[in-house]
Amino acid sequence: MNGFTHRFLRAALVALGLVLLLGAVSQFALRGLPRDVMPIADPIDFLAFDCGAKVAVTRADPYLTEPLRSCERAALAESGLKIIPNFVVPAPLPPYALAALAPLALLTFRDASALWFALSLLAVGATMVMLRRLTGVPLLIVAVVVLAADGLASVPIGQVVPVLLCALCGAALALRAERPRLAALLTLPLLLEPHVGLPAAIALFVWEPRARRSLLAGAAFVVLLTLAGGVERNVEYLRVVLPEQALGEGLEFGGQYSLSALLAVVGVAPGLALAAGSASYLLVAAGGIALAGRVGAALHDRATLLLLPPAFAVMGGTYVHVHQMAFALPLLFLLLSRRPSLRALTVIALIGLAVPWETVSEIPGLGPSHVRAASHVDVRAAMARVSSGSLPAERSWGVWVRSGERDSRTDWQRFLCKLPTWFGLGLLAIATLIVARERDGTRGRPRTVSEASLRAAPRSA
């Protein structure tokens, strides 16, 4: 077959994948899915973000059970859906993130959900195109991986990851094109996921002096959004929300990929598990920032300055979900295309990270059945203990996670679902360290970001 036929078939496969994704996901994003036992309607995460923004706009406290719970109940009622008494989905975003989502508060939940759904699909498509330009990996491979690891894992639940991953790829392209100010601007949305966005912003500030003014200006804007929520709300977020989030869900092994959750499930005390997870995050985040310049010089590509820190930020830590693993894909694709000697390593890593195994295991009919017959009673009994609207929403949510969980798999079965993803991350870290150890053959010393060898890479064919 000639080149035109290859391109046509690839485009057809991508189009088919998008159509299938649209048909399947729209049932979740636009109407929700009534559940007999589990009192969640998709998109669960967007429901919390939207109501959190709506509550914040009214100057009420978005981190308490009320009025967040009432907002969510009313939003689901638009689609004929109900939640069990006292159930609430928390919105654990920092105040500046809720302020950034405030425009959605002007719309009804159904309209806002439809808009976010369309924006997420556009972001997934744009990410495919930009990753192809960034790495030169064939579009079909990129499309399949992104549709699975980014689309399937995030779009049905209304996550922010597709939009942020799109912004990250755009920032990397801008940096490669010698447009550091634009790169800095596109890095700011990543702060909606602070533990991922902050290492990227710091790395850009450290390794690219020309972006520093823009980053400082962006930081000033974030500070203004933060102050708009009030000092009291920010103190509450740091002193109440984050600790409650860590204790309520961060230690639950079912949906977590964090080091803290792994340690907790093997019997480590909660305080020690959280401390170890926090220490591991600081270590890998600092390591990612430090390695960004070195690996960027070895690959002759400034885009690495932004792509490497987010990939390392999802390794270890205290609070990591499967949909956030998509942030590791751009760096993995880059290493796959630029280092043929590491191809076996990177291909195996790609297999591990390409599929959100945890998400697949939870799809009815695809994954193992793990619904407890008694969970309907268990959930109602557990939630009766958190009826007060003055409780932190994270505490109410934590009670549901611990006492009303539908997952009857053993810890070993859960571990097996996560193992391919962890294995892929480990191989990615090894490949990155191998590249970082490369030396300049003409000078016999390690490369550094300040050398002239760090330049914009030629566009791959």
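Tabulated data
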item: Top-ranked residue of segment 48-65 - restricted to ones that are buried (at least 17 other Cβ atoms within 10 Å of the Cβ) and not hydrophobic (A, V, I, L, M, F, W, C), ranked as nearest to Ala112 (Cα to Cα); result: Asp50
item: Scope segment 258-277; condition assigned to a helix (DSSP H, G or I) and either touching a residue at least 60 places away in the same chain (Cβ under 8 Å) or under 18 Å from the mean Cα position of the chain (by Cα) (or both); matching residues; result: Leu259, Ser260, Ala261, Val265, Gly277
item: Residue in segment 243-257 that is without any contact (Cβ under 8 Å) to a residue 60 or more places away in the chain and surrounded by 21 or more Cβ atoms within 10 Å (Cβ to Cβ) present; result: yes
item: Residue match in segment 133-147 (condition: among the hydrophobic types (A, V, I, L, M, F, W, C) and without any contact (Cβ under 8 Å) to a residue 40 or more places away in the chain); result: yes
item: Scan of segment 133-155 for residues that are over 15 Å from Ala326 (Cα atoms) and part of a helix (DSSP H, G or I), ordered by number; result: Arg133, Leu134, Thr135, Leu139, Leu140
item: Meets criteria (within 30 Å of Pro330 (Cβ to Cβ), in a helix (DSSP H, G or I) and modelled with pLDDT of 80 or more) for Thr359; result: no
item: Qualifying positions in segment 280-336 - assigned to a loop (DSSP other than H, G, I, E, B) and within 29 Å of Pro156 (Cα to Cα); result: Val314, Met315, Gly316, Gly317, Thr318, Tyr319, Val320, His321
item: Residue in segment 80-101 that is among the hydroxyl-bearing types (Ser, Thr, Tyr), at pLDDT 90 or above and not in a helix (DSSP H, G or I) present; result: no
item: Flag for Arg339 being in contact (Cβ under 8 Å) with a residue 24 or more places away in the chain, touching a helix residue (DSSP H, G or I) at 6+ places or on another chain (Cβ under 8 Å) and within 27 Å of His300 (Cβ to Cβ); result: yes
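The values are calculated or read from the model by the stated rules, or taken from the named source; none is laboratory data. What you are looking at is a predicted structure, and each value in this text was computed from that prediction instead of being measured. Using ideal geometry, Cβ is built from the backbone for each residue, glycine included, and neighbour counts are taken over all protein chains shown.
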